[in-house]
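Below is one structure; the comments refer to it alone.
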Amino acid sequence: MAELPLPKKAKTKSKNKTNHKDNTRRRTSIVWSFFELLPTKDEEKPICKCKKCGKEYIAVGAYGTGNLKHHLDVCPRKDTRDVGQLILGQNAMSVSSPKFDPAKLRELLCAAITMHELPFQFVEYVGIRAIFSYLCVDVPNISRNTAKNDLVKMYKREKERMKSVLTSAPGRVCLTSDLWTSIATDGYMCVTAHFIDANWVLQKRVLNFCHMPPPHNGVSLFEKVYKLLSMWGIENRIFCVMLDNASSNDVSIDMLRTQLINKKPLVCNGEFFHLRCCAHILNLVVQDGLKEIDVAVQKIRESIKYVRGSQGRKKSFYEFVKQMDLDGKKGLRQDVPTRWSSTFLVLQSALYYRCAFQHLELTDYNFKHYPTIDEWKNAEKIKKFLVVFYDATLVFSGTKYPTANLYFPQVFIVYFTLKKESDSEDEYMRKMADQMLVKFEKYWIEFSVVLAIVVVLDPRYKLPFIDWCYQKLYGYASSLQYLKVREKLFALFGEYVSNVSTPSTSSGMAGQATQEIEEQYANEGSLSMMQEFDSFYSMSVGRQAQKTQLELYLDEPRVDRNAKLDILAFWKGNEFRYLEFAAMAHDILSIPISTVASESTFSVGGRVIDQFRSALKLDVVEALVCTRDWLYANIELAQSQLEELIEDIMNMNINKDEHKEDTSSMEPSMDPVP
């Protein structure tokens, strides 16, 4: 009987072994960085305590560490630096990733350098490497040369993908091209492709941002562009090329047209192949008209300089603005002599603050540049005249790259305004309009036809709008211009009819019926007479009754002009209804109306090749600019649209009474908006 307690001793011994095993086994969970084990007796369960708040938990191995991890989330004394250690315990880079992938890290770094225009030395920054080491002890160090090589590999991979995108595009491709000189005096050529994809979405892609050594004459430009087009495999699919007004571009485009026609005919034998930048044309036209600035504009410029020249005068002017209950957020603008659009903005802001200038003139005896009543009237006339050009420039230079159907209505308004002001009784306005009209008509005659055809594809306008515009511009002589556009429209449509296959209209039932009718005539002469009648009918009546898809489209009623219509969505919905005409719309609507796409790429190039990175190799520069456009162009466009929306919301005057009560605490800036 004395040996009965022995099993208990054996059980106790087994417990001790288990506790000893739990205490000596290596604890690998990250939570043990935040908890410490407390000393316990042999028969007691192990206890751990939070190092931050001191709360105790049972630490038996069979229980797991789930309760400890839950405490880390709700610990009242948790430090934010602890989150990094917790992520480190969850396989470093991602909670869901099974393990750390060095190749994925290099790809993300390369993408970050491309997206945010970072220097390659970014990967060697001590602080960046410290972050990586904090997240993962085994992260490899990457040199700038490695990052550069990774970028070139990414560029080559995306270039092949871009080739497949161009190949899959159903229609032709339009191009814009321009030249740029970097801070290191290296010449670059930017070639941008514009096309509509299979989903009827207008695409803009930078194909090349390559080095262009001198000379920059017409022959050299032609050889460079043709080489690039051949490399992309789109030399037989070009619809048009839009360039600025340099004389070398005229030579290169003539040589390129000849070369492409020899290989494969262009649309309408290259008649619509060369277009000029509409934004450049407007800029040249307005600059010619503003060479001799009116005295009123000069006085307004001096008045703004006087107000902005002293903090005291600026404060007094703001007090007058507040007394007149005007919106001071608009601000006074100072113009740049080389930019006519800034002159319009100066007049717009000055006319808005006219009453404030009047009060300043009454109280400040040193203010000697206040315009007279007649000069204010002249400034108002000039502003109303320039607003037409300003609105058109905004449309042509939009960040959303508008479709070409927006061109003709804007240019028509500009042309009509010029002709109207050329008959004005005001000598200054008439002289300015005459100077601008001469240069405008030079470009209008060359390019009005093709871009008038584009507006016919807009169901809100069609041919009646063209007819009405020419009547307003030319009066009774408008029929010749209208017939010219109509003739070119049907000729262009005819080329697409011959290239697009249409389903056959014949049927087996019709053939069977013809056979039965022929059996009714035993006399071959009677049958021959009936067949002659069939031929006569098909030639005289049948052809008149059968209409083309273009004629059917034109006969349909117009859509309301004020309707908010997405023209690409309209043609996507009618693609199979007008098969041939939709194929024509696919190419015509992709015509760019300005070279803004190429010029905006130069802004990116200016940030890539800055004073600190002017020694970048030429191929690396092209890889940076092109890869950034291919990967993140849509993201930037969405971001710009979001910023515009935010700006519109911030500019909304939701509560005028609240604004009046708190005007003193919201003193507006009188500096010009950049």
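Annotations for the structure displayed:
- Against the numbered list (1) farther than 19 Å from Ile293 by Cβ; (2) over 32 Å from the mean Cα position of the chain (by Cα); (3) of a type outside the set (A, V, I, L, M, F, W, C); (4) open to solvent by 10 Å² or more (accessible area, probe 1.4 Å), Lys329 comes up short only at (2).
- Of all residues in segment 144-155, those satisfying the criterion of being farther than 14 Å from Pro102 by Cα and open to solvent by less than 60 Å² (accessible area, probe 1.4 Å) are Lys148, Leu151, Val152, Met154, Tyr155.
- Test: residue in segment 540-558 that is surrounded by 15 or more Cβ atoms within 10 Å (Cβ to Cβ), touching a residue at least 12 places away in the same chain (Cβ under 8 Å) and within 19 Å of the chain's Cα centre (by Cα): no
- Consider segment 117-126 and keep the residues that are in a helix (DSSP H, G or I) and either β-branched (Val, Ile, Thr) or open to solvent by 60 Å² or more (accessible area, probe 1.4 Å) (or both). The one that is nearest to Leu256 (Cα to Cα) is Gln121.
- The condition (being out of contact with any Leu (no Cβ under 9 Å at 6 or more places or on another chain), crowded, with 17+ Cβ neighbours inside 10 Å and closer than 23 Å to Asn562 by Cβ) is satisfied by just one residue among Tyr415, Tyr461: Tyr461.
- Any hit, segment 230-247, residues being touching a Ser or Thr at 6+ places or on another chain (Cβ under 6 Å), open to solvent by 50 Å² or more (accessible area, probe 1.4 Å) and among the polar types (S, T, N, Q): no
- Per-region count, segment 263-286, residues closer than 15 Å to Ala491 by Cα and part of a helix (DSSP H, G or I): 4
- Conditions (1) open to solvent by less than 60 Å² (accessible area, probe 1.4 Å); (2) over 30 Å from Val201 (Cβ atoms); (3) touching a residue at least 24 places away in the same chain (Cβ under 8 Å); (4) acidic (Asp, Glu); number of the one not met by Glu158: (2)
- Single condition Arg558 does not satisfy, out of (1) out of contact with any helix residue (DSSP H, G or I) (no Cβ under 7 Å at 6 or more places or on another chain); (2) at pLDDT 90 or above: (1)
- Enumeration of residues in segment 355-367 that are free of Cβ contacts under 8 Å to residues at least 24 places away in the same chain and among the acidic types (Asp, Glu): Glu361
- When Val225 is tested against the conditions (1) more than 30 Å from Ile382 (Cβ to Cβ); (2) open to solvent by 40 Å² or more (accessible area, probe 1.4 Å); (3) touching a residue at least 12 places away in the same chain (Cβ under 8 Å), the lone failure is (2).
- Residue satisfying condition, being in contact (Cβ under 8 Å) with a residue 60 or more places away in the chain, outside any helix (DSSP H, G or I) and of a type in the set (Phe, Trp, Tyr), within set Tyr370, Tyr443, Tyr407: Tyr370
- Residue check for Ile593: modelled with pLDDT of 90 or more and open to solvent by less than 50 Å² (accessible area, probe 1.4 Å): no
- Residue match in segment 536-550 (condition: under 20 Å from Pro409 (Cβ atoms) and modelled with pLDDT of 90 or more): no
- Candidates Ala404, Ala433, filtered to the one that is within 20 Å of Arg561 (Cβ to Cβ) and open to solvent by less than 20 Å² (accessible area, probe 1.4 Å): Ala404
- Failed item in (1) touching a strand residue (DSSP E or B) at 6+ places or on another chain (Cβ under 9 Å); (2) open to solvent by 10 Å² or more (accessible area, probe 1.4 Å); (3) farther than 24 Å from Leu275 by Cα, with Lys617 passing the rest: (1)
- Subset of segment 27-42 [of a type in the set (D, E, K, R) and over 15 Å from Asn67 (Cα atoms)]: Arg27, Lys41, Asp42
- The number of residues in segment 332-354 being free of Cβ contacts under 8 Å to residues at least 60 places away in the same chain, outside any helix (DSSP H, G or I) and open to solvent by less than 60 Å² (accessible area, probe 1.4 Å) comes to 2.
Okay, residues lined up against (1) at pLDDT 80 or above; (2) outside any helix (DSSP H, G or I); (3) surrounded by 11 or more Cβ atoms within 10 Å (Cβ to Cβ):
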site: Lys78; (1), (2), (3): no, yes, yes
site: Leu88; (1), (2), (3): no, no, yes
site: Ile128; (1), (2), (3): yes, no, yes
site: Ile131; (1), (2), (3): yes, no, yes
site: Ile142; (1), (2), (3): yes, yes, yes
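The values are calculated or read from the model by the stated rules, or taken from the named source; none is laboratory data. The structure displayed is predicted, hence computed values, not measured ones. Neighbour counts run over all protein chains shown; Cβ positions are idealised from the backbone, glycine included. Just the protein is used for accessible areas: all its heavy atoms, side chains included, with ligands, DNA and RNA removed. Shrake-Rupley method; radii C 1.70, N 1.55, O 1.52, S 1.80 Å.
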